[in-house]
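The values are calculated or read from the model by the stated rules, or taken from the named source; none is laboratory data. Small disclaimer: the values here were computed from a predicted structure and weren't measured. So basically every Cβ, Gly included, is an ideal-geometry build from the backbone, and we count neighbours across all protein chains shown.
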């Protein structure tokens, strides 16, 4: 008699501290009107029975996460492994398709290939990294039988989900799209990802003053950019020039009027980033 596979739920890992990014990765927007957590949830909703967002307790009420069903980290462990263990504790007997919230190139075809290749008799089903050949732990299916093994690993002081997959009975798959699981952890990587996405390229004039002029080595320039907002533009420029001032210390003006960091940019706009005035 064939035994049916355990039900498959989805878990979007959104409990990270985004230390290297210095902005909440889950709330980043690569497409107009959609945060990265929105995109991840939408991808899963159409393909699994239920979807939850993995969060730390202090994140449960923030805007990007509060609209979704949540599983709060428990057990005094941090990192992705905490979210996976907490999901198994909340719904034992369920398999989990675990998905990081910082995969802007992930597409439906990759997820459907993973689900279609699922091996319920293994501990997990995962992709080989297209970069180093090792298992990719943050777009993978973890079967219920993996839960006690993950707990034992954590109990031994080992919190790395990739090392778990290396040592577990894992079915490994080749990625249909080699770039689909490239994640984005830093401002430079974000700027690169934004440039690679199919955003329209526009010409924007940028003027620099004070410290920014010194660091850019020029007072103004015309750029061809796919940045959608002044914040996106500043991130792109900070990857090009050695800017030391974070955006939150600056004011921005668009077409000679003070503006918002999130306002949309149009072709031909003139943008000025204004550093704080020195002295008293």
For the subset of segment 270-280 comprising residues that are at pLDDT 85 or above and out of contact with any helix residue (DSSP H, G or I) (no Cβ under 9 Å at 6 or more places or on another chain), which member is farthest from residue 231 (Cα to Cα)? 270
Look at segment 129-150 and say how many of its residues are surrounded by 16 or more Cβ atoms within 10 Å (Cβ to Cβ) and either modelled with pLDDT under 95 or not assigned by TED's automatic domain parsing to the domain that holds residue 96 (or both). 1
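So, residue 126, is that one surrounded by 15 or more Cβ atoms within 10 Å (Cβ to Cβ), in contact with a helix residue (DSSP H, G or I) (Cβ under 6 Å, 6 or more places away or on another chain) and either in contact (Cβ under 8 Å) with a residue 12 or more places away in the chain or part of a loop (DSSP other than H, G, I, E, B) (or both) or not? Steps first, answer last, please.
Numbers: surrounded by 15 or more Cβ atoms within 10 Å (Cβ to Cβ): yes; in contact with a helix residue (DSSP H, G or I) (Cβ under 6 Å, 6 or more places away or on another chain): yes; either in contact (Cβ under 8 Å) with a residue 12 or more places away in the chain or part of a loop (DSSP other than H, G, I, E, B) (or both): yes.
Judged against the criteria, residue 126 is a match.
What helices (runs of 4 or more DSSP H) lie completely within segment 178-260 and have 3 or more residues being closer than 27 Å to residue 110 by Cα? First the steps, then the outcome.
On the way: elements: 187-196, 210-216, 230-240.
In segment 178-260, the matching helices (runs of 4 or more DSSP H) lie at 187-196.
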Failed criterion for residue 66 (all others in (1) under 16 Å from residue 27 (Cα atoms); (2) surrounded by 13 or more Cβ atoms within 10 Å (Cβ to Cβ) hold): (2)
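Report, by residue number, each residue of segment 17-28 that is touching a strand residue (DSSP E or B) at 6+ places or on another chain (Cβ under 8 Å) and in contact (Cβ under 8 Å) with a residue 60 or more places away in the chain. Even if it seems obvious, please write down each step before you answer.
The first filter runs over segment 17-28 and keeps only residues touching a strand residue (DSSP E or B) at 6+ places or on another chain (Cβ under 8 Å), leaving 26-28.
Matches in segment 17-28: 26, 28.
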Single unsatisfied condition, residue 4 versus (1) without any contact (Cβ under 8 Å) to a residue 24 or more places away in the chain; (2) in a helix (DSSP H, G or I); (3) farther than 27 Å from residue 154 by Cβ: (2)
Determine whether segment 234-251 contains at least one residue that is modelled with pLDDT under 85, touching a helix residue (DSSP H, G or I) at 6+ places or on another chain (Cβ under 7 Å) and within 15 Å of residue 30 (Cβ to Cβ). yes
Members of segment 244-256 found to be over 16 Å from residue 209 (Cβ atoms) and free of Cβ contacts under 8 Å to residues at least 24 places away in the same chain, listed by number: 248, 255
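Which one is surrounded by the most Cβ atoms within 10 Å (Cβ to Cβ) among residues in segment 5-62 that are at positive phi and under 13 Å from the mean Cα position of the chain (by Cα)? Give the steps one after another, and end with the answer.
First pass over segment 5-62, keeping only residues at positive phi: 18, 22, 33.
Filter once more, so that each one left must be under 13 Å from the mean Cα position of the chain (by Cα): 18, 22.
Numbers: 18: 17, 22: 11.
By that ranking, first place goes to 18.
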